[in-house]
Every structure is written in C-alpha cells, then in structure tokens.
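Asker: Following this message is one structure expressed as structure tokens.
No value in this document is a laboratory result; all are computed from the given coordinates. For clarity, every value in this text was computed on a predicted model and none was experimentally measured. Here the Cβ is made from the backbone with ideal geometry for all residues, glycine too, and neighbour counts use every protein chain on show.
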Amino acid sequence: MKSYTYIANWKMYRSLAQAVLWSQEHRNKLEQLSVENNCSIIICPSNQSLYALQNIFEGTSITLGAQDCSEFDCGPHTGQSSALSLAQAGAKYCIVGHTEVRTYYHQSNDIIAHKLTQVIQDGLTPIICIGETIEQHTDKQSQAVITEQLTPLIQIAAAKNAQKLFIAYEPVWAIGTGSIPSPEYIQTMIAHIDQLCKKYLTTTKYNLLYGGSVTPQTISQLKAITIIDGFLIGSASLDFQKLQNIVSCTV
C-alpha cells in the first residue's frame, strides 16, 4: 500500500469552537484512519485554532499546519502572523503561495519567496502551492508559469538547506469546480515539477501533491497517477465521511 500524505486545508470555513468540536469528535477516528491506511494526515485550521487543536491531537499521529504566514519575522505588521508564532502555536507545516492568497491579496512571486524564507528559518516544513490560471492554460503557458513560480522557491529551499518540502500542483481552473484535468495532463505537469526539483534539490527531500477538486468522486482517478505522493484537500476535508472515503480509496 502506497503511503500518501493528506493535507486538509480548512480555509475559513470553521470557527474556533467548530474546529475544536469537530476535532474532539473525530480525534480517535482520524488516528485510526491514519494507522489503517499507513498515511499522514495534516490539518490546516485557522491560526486561532492551532493551539487548541494541538492539545486535542497530542499523542496521535495527526499533525497541524498553518494556511499562510507573514513575509516578515516581526515588527509593525498589523493583522499578520509570523512563522515563529505559528510554530509556537503548534504548527509543524505552513502552506505558502496558495492561489487564493496569490489572487485575492495580490501577492507576487517575490512576496511568496520571502514567506518561504521565514517558514524554513523558523523550522516549519513548507507546503508550496503552484498552478496556472485558465487563461494561461488556454494560451499553452502552463509549464512556463510553473517554472517561473517554482524555480526561485526551490532555489531558496536549497540555499537554506531545507530538510523537506511538499509541492502541491493546483491548477487554478480546477479548484472548487468538482472536476479535474485529465490524468495525462496532471501526469505531464507533475513530471515537469519533478524535473525542476531534481535539477535544484540535491539534498532536500520533496513530495509531490495534487490539489484542486479532490473529492471521493475524483480520488480514484488521481490515485492512478503514480507520481502523486499526496493530496491537498479543500472543502471535502471538512466532512469526515468524505475525508475517510478519500483516504480509504484504493486503486
């Protein structure tokens, strides 16, 4: 059985109270799910939920990640959370460059690079998100866009001697649609990412993930793509039954 990594990105769907209640209710079932399927489950709740969930999942294999962090280490940056504070709150991982952050907050590749630096220096494992828009896909610029987004980030990771990376390919045009690109297309794109990583990452371990409409309906197609090491899951991760179906699916 292949050992996958499943990252549950809860976005802003759950309040602190809701996150605590869900985690208490499903703590033991999540642990059992992880053990029975020989997999890693990482939950990325809201920042204010991290400390409470750390206490709930203490003693289990379930770990926590942050959804984003500041590009700065400290200072007059109202409303932002440093990577160090997130680590102290219980995060072991941090998502960097999610498409919603890039798009809605107009964050450039340069800002994402600064965030990655903070994540690595404060001891968190980065979950780097990259992906092309529908316009870029239509113009056949997908691989060029991925190269532009990813190359400076893995160069930073190599220079900072990062121990491990997760790299999540999320075609923007598939997120939230309920459908995925063809398996052949996904294979081609992730193989391109793999080649870039092999070029620059000589000592850093990396895992290649797919994100974008990962659901019980699409997971069997995705697991048939052998280059994929795991999945970044959005709304489907909020429903335990759906998450269980995704994790338990075999091909």
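Asker: Where the centroid of each part is defined by its Cα atoms, how far is region 66-99 from region 200-248 in Å?
Answerer: 24
Asker: On a full-extension model of 0.36 nm per residue, what is the gain between S248 and Q121, subtracting their alpha-carbon distance, rounded to one decimal in nm?
Answerer: 42.2 nm
Asker: Could you compute the FRET efficiency for M12 and N109, with r as their C-beta to C-beta distance and R0 at 25 Å, rounded to 0.05?
Answerer: Numbers: r = 24 Å, r/R0 = 0.96.
Efficiency at R0 = 25 Å is approximately 0.55.
Asker: Can you say what percent of the DSSP beta bridges in the chain, counting only those with both residues inside, are antiparallel? Round to 5. Provide the component values of the computation, followed by the final result.
Answerer: Details: 0 of 30 bridges.
Taking every DSSP beta bridge within the chain, about 0 percent pair in antiparallel fashion.
Asker: Check the straight Cα-Cα distances from K223 and name the lysines below 26 Å, setting aside those fewer than 8 residues away within the same chain.
Answerer: K2, K11, K29, K92, K140, K164, K198, K199, K205, K242
Asker: Counting only residues 5 or more places away or on other chains, whose amide H sits under 5 Å from the amide H of F231 once H atoms are built in the peptide plane?
Answerer: Here T5, Y6, I7, Y210 satisfy the definition.
Asker: Amide H of N207: which non-local residues (sequence gap of 5 or more, or other chain) have their own amide H closer than 5 Å, using H built in the peptide plane?
Answerer: L165, F166, I167
Asker: A follow-up question, please. Just to be sure I understand the rule: take each whole DSSP H helix in the chain, project its Cα atoms onto its long axis, keep it if the span is 20 Å or more and its mean Kyte-Doolittle hydropathy is at least 0.5. Which ones pass? Can you show the working numbers first?
Answerer: Details: long enough: 16-36 (29 Å, -0.54); 142-159 (26 Å, 0.82); 183-200 (26 Å, -0.36).
Helices meeting the span and hydropathy rule in the chain are 142-159.
Asker: Hey, fewest Cβ within 10 Å first, where do Y4, Y51 land in order? Each step should come with its number before you reach the end.
Answerer: Details: Y4 21, Y51 14.
So the residues, fewest neighbours to most, are Y51, Y4.
Asker: Right, something else. Could you give me the ³J(HN,Hα) list for region 66-74, computed from phi with Karplus coefficients 6.51, -1.76, 1.60 and θ = phi - 60°, whole Hz, x at Gly and Pro?
Answerer: With coefficients 6.51, -1.76 and 1.60, one gets 9, 8, 5, 8, 6, 7, 10, 7, 5 Hz.
Asker: Moving on to the next point. For T177 and E36 in the same chain, what is the full-extension length gain: residue separation times 0.36 nm, less their Cα-Cα distance, in nm? Before the final figure, lay out each step's value.
Answerer: On the way: separation 141, 0.36 × 141 = 50.76 nm, distance 3.02 nm.
Length difference between fully extended and current span is 47.7 nm.
Asker: Moving on to the next point. Any chance you could check the Cα centroid distance between region 3-21 and region 41-56 for me, in angstrom?
Answerer: Distance between centres, Cα-based: 8 Å.
Asker: Would you calculate, for the chain, the mean residue ellipticity at 222 nm contributed by helices, counting each DSSP H stretch of 4 or more residues as -39,500 (n - 2.57) and dividing by all residues, to the nearest 500? Intermediate results must be reported in sequence, preceding the final value.
Answerer: Working: 10 runs with 110 residues, N = 251.
It lands at -13500 deg cm²/dmol.
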